[in-house]
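Each remark here refers to the structure printed beneath this line.
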Amino acid sequence: MFSNMNGVVRNALRLSKNVLRPTSAVNTIRLHAERALWTGCSRSVGETSFIATAKNYKSENHSNCTCCRGAHTKAEKDLVEFLAEEIVAEKKAQKLKTIPTEVDGFKVSLDGAEVSLEKKQGDSVIKISFNVNHTVDAEPDPEIDPRDDKVNIGEMKSKPTFEIDIVRGNQTLGFRCSFNSEPGASGADDSYNDIFGIDEITLYEGEYTEKVYAVAGEVVDAYLYDLLMNYLEEKGITNEFAEKLVDLSTNYEHTAYISLLEGLSKFTSKP
């Protein structure tokens, strides 16, 4: 009875710590501003400020450049001119030029916006997958003083929801996990410092279908939840590994963003 009551209390505490995210529309607008500010503030003093929009951007250095020769209209020319310098700025802010092929024994595979990691452990195969689309946020939120020349912008991070599949024979134990808005948000009290939490748990044979039962992590018994977190930790999915997952996702998302800018520039400048 004491164990059950403890579970109820811990579940209530965990639920009380859930934080609502902004709506996608508001979040998208804020992220556009954050990416521009974060990239612009990474440049040295004396360089051109890039905290601008394509609408009011005016180039003073492209009168003889070849990047705009294929553009037909003024809007296309302005866009190509802006992209030329924006690509240079983003590449300068890029932390990693190449994405690692392995993280803590997990082999990394990339396919568009999809990222997969896989390793064999004993009689099990552990698979982790996520998508980098719409995963970027800045932390912490910047407090911008327009009078301050040295704006302190939070570093942009990609924190995707990720799937963990532990495959043993024909059975799969699956977890859907997400990063907590603050450390310990999934724990029963402030002594829990998990940076990610379990959103959903499944167990099935063969291929996954919509018929497979799934339970939300927030409604399972708190002691069971903690045991499952310990189980994941034994499989190598720790706080430290989760931080490396964030770094991998952040660097890959930034690489994909630069590729998008380059593709947009080529597309717009074609005759």
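The values are calculated or read from the model by the stated rules, or taken from the named source; none is laboratory data. All of these numbers come straight from a predicted model, not from anything done at the bench. Positions of Cβ are backbone-derived with ideal geometry, glycine not excepted, and every protein chain shown enters the neighbour counts. We work out accessible area using only protein heavy atoms, side chains counted, and drop any ligands, DNA or RNA first. Shrake-Rupley method; radii C 1.70, N 1.55, O 1.52, S 1.80 Å.
Observations on the structure shown:
- Considering region 69-102, the residues that are surrounded by 14 or more Cβ atoms within 10 Å (Cβ to Cβ) and of a type in the set (Asp, Glu) include one that is modelled with the lowest pLDDT, namely GLU76.
- All positions within region 108-120 that are out of contact with any Ser or Thr (no Cβ under 9 Å at 6 or more places or on another chain) and open to solvent by 60 Å² or more (accessible area, probe 1.4 Å): ASP111, LYS120
- Selection from region 230-271 of residues that are open to solvent by 50 Å² or more (accessible area, probe 1.4 Å), charged (D, E, K, R) and either in contact with a Ser or Thr (Cβ under 9 Å, 6 or more places away or on another chain) or in a helix (DSSP H, G or I) (or both): GLU233, GLU234, GLU240, GLU243, LYS244, ASP247, GLU262, LYS266
- Of all residues in region 243-271 being more than 15 Å from VAL132 (Cβ to Cβ) and without any contact (Cβ under 8 Å) to a residue 24 or more places away in the chain, the one that is nearest to the chain's Cα centre (by Cα): GLY263
- Selection over region 213-227 of residues that are open to solvent by 30 Å² or more (accessible area, probe 1.4 Å) and either within 23 Å of LEU117 (Cβ to Cβ) or not in a loop (DSSP other than H, G, I, E, B) (or both) gives a count of 8.
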